[in-house]
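First the structure, in the form of structure tokens, and then the observations on it.
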Amino acid sequence: MAKAFVAIAVAFSPTTICAFAPTSSGRISSSLHLNAFEGFNFKNPFASSPFEPAVVKAGGKIIVIAGATGYIGKSTVRESVRQGYKTVALVRDKKKVESDEGKLLYGTFFEGSDVVECDVCDADKLTETLKEISSQGNGKIDTIISCLASRSGIKKDAYAIDYQATLNCLESGRAVNARHFVLLSAFCVKNPWLQFQQAKLKFESALTAQKDMTYSIVRPTAFFKSVSGQLEVIQQGAPFVMFGDGEVTRCNPISEADLATYMIDCIKDKSRLNKIMNLGGPDEPLTMKRQGEMLYMAIGKEPNFFYAPLWLFDTIIDSLQWVADTFKSEQFENAAELGRIGKYYAVEDMLTIDPEEKFGTMTLQEHYNKIAVEGQEYDPYITMFAKAPTDKSAEKKEKVAA
């Protein structure tokens, strides 16, 4: 029961995904498998680039994006290419992007970019990779963009990815004299009582303390996908689940395309240099209940709500933590942390009010209307009853990804 509650709490909390990146393979995992490649084969990523006219438009700048297969990462790759930059997408497994299955999962996101296989957890190989890119790309790397985020948010994962792997990107960027570093952080670090938030802040401190590279730190409130996870549930007749009275928290999420545009614009916008920026979408404050009403409006059904009491979080979390402390159990410690993550997003606002901290044009209702007709991209973390794409769904997947 405890395990089931934690899973549901995390999945249905309004902004969970702003903290984590889903696995590119579509498998749920709370452990890291980042060192699977013992060898390293580098191929010149700039040979016969089909995007030369666009590159001239952006001044031939080389942009390297880490975490490229993540939800925001792949949109950032596409936007970088669209704006005319020589774009290098770092991935752990190139085959997962270029295989038939990968093409179904990622659609056109990587077209025009150069996909380079590299384990960002290996600092030495990462530096070697960036040096190769600089030497073979007819110009040094201008900007490193990190869209890295831990998959689960538990302590081990958070410090391995949100801190150490991201730090590796920074140090490797400094080693090749890159000019600028753009960090995808999270709005929720403003009130840090979770492990992944503390790991993110630890890296932010390292980034702001160094003097070799300028930086832009972007802290988005929430992603559209993170507040869309119950679409399939309510389409099948189940109620929309919320915590408390549904009015406890408010947010103004931002679309992945708008966020990607903001991230890439940080490369050339001097007003964003050496700044930490909170960022939400164009919507007015939306409660969990209002999100549910909007989702029902999109699918053309009358609202049907289920209200889960907030006190359940403390009961479950305290029980899991007691077992973890009593038996020195890492597994139960992780489960308790997942419970705390679920509670955090059930009680904390993810909201920007200042007009300067709002960006983009796509509203959440427009997003809901779109996915109600087209379906949404498969994600095991938040699309609870969706299915992974198959060959039969290729045409539809390409449409959604476009």
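Computed over protein heavy atoms with a 1.4 angstrom probe, the accessible surface ordering of K95, K225, K202, largest first, is K95, K202, K225.
Each Lys or Arg adds one and each Asp or Glu takes one away; over the other residues whose Cβ falls under 12 Å from the Cβ of Y296, this sums to +1.
Between E356 and E111, what length in nm is gained on full extension when 0.36 nm per residue of separation is reduced by their alpha carbon distance?
Taking E356 through E111 to full extension adds about 85.0 nm, to one decimal.
Remark: the E302-A175 segment gains 40.0 nm on full extension, using 0.36 nm per residue and subtracting the alpha carbon distance. Here region 58-131 exposes an accessible surface that is 44 percent carbon and sulfur, computed with a 1.4 Å probe and the other protein chains kept in place.
Normalising by residue count, region 176-323 has a Cα convex hull of 160 Å³ per residue.
Cross-link pairs exceeding 25 Å between alpha carbons, from the set K94/K270; K86/K156; K155/K328: K94/K270; K86/K156.
Taking R340, R92 and ordering them by how much accessible surface each has at a 1.4 Å probe, largest first, produces R92, R340. Accessible area per residue (1.4 Å probe, heavy atoms of protein chains only) ranks K211, K343 as K211, K343, with the largest value leading. Between E366 and S99, the simple label model (points 7 Å from Cα in the Cβ direction) yields a spacing of 3.6 nm.
When all alpha carbon pairs of region 87-231 are counted in 5 Å bins from zero, the resulting P(r) reads 2, 9, 16, 20, 20, 17, 11, 4, 1, 0 %.
Once the other residues with Cβ under 15 Å from the Cβ of K343 are scored (Lys, Arg +1; Asp, Glu -1), what is the net sum? So the environment of K343 carries a net charge of -4. Rolling a 1.4 Å probe across all protein chains gives M277 an accessible area of roughly 20 Å². Counted by Cβ distance under 15 Å from K270, the other residues give a net charge of +2, where Lys and Arg count +1 and Asp and Glu count -1.
The values are calculated or read from the model by the stated rules, or taken from the named source; none is laboratory data. Predicted model only: the values in this text are computed from it and were never measured. Positions of Cβ are backbone-derived with ideal geometry, glycine not excepted, and every protein chain shown enters the neighbour counts. Heads up: the accessible areas ignore ligands, DNA and RNA and are worked out on the full protein's heavy atoms, side chains in. Shrake-Rupley method; radii C 1.70, N 1.55, O 1.52, S 1.80 Å.
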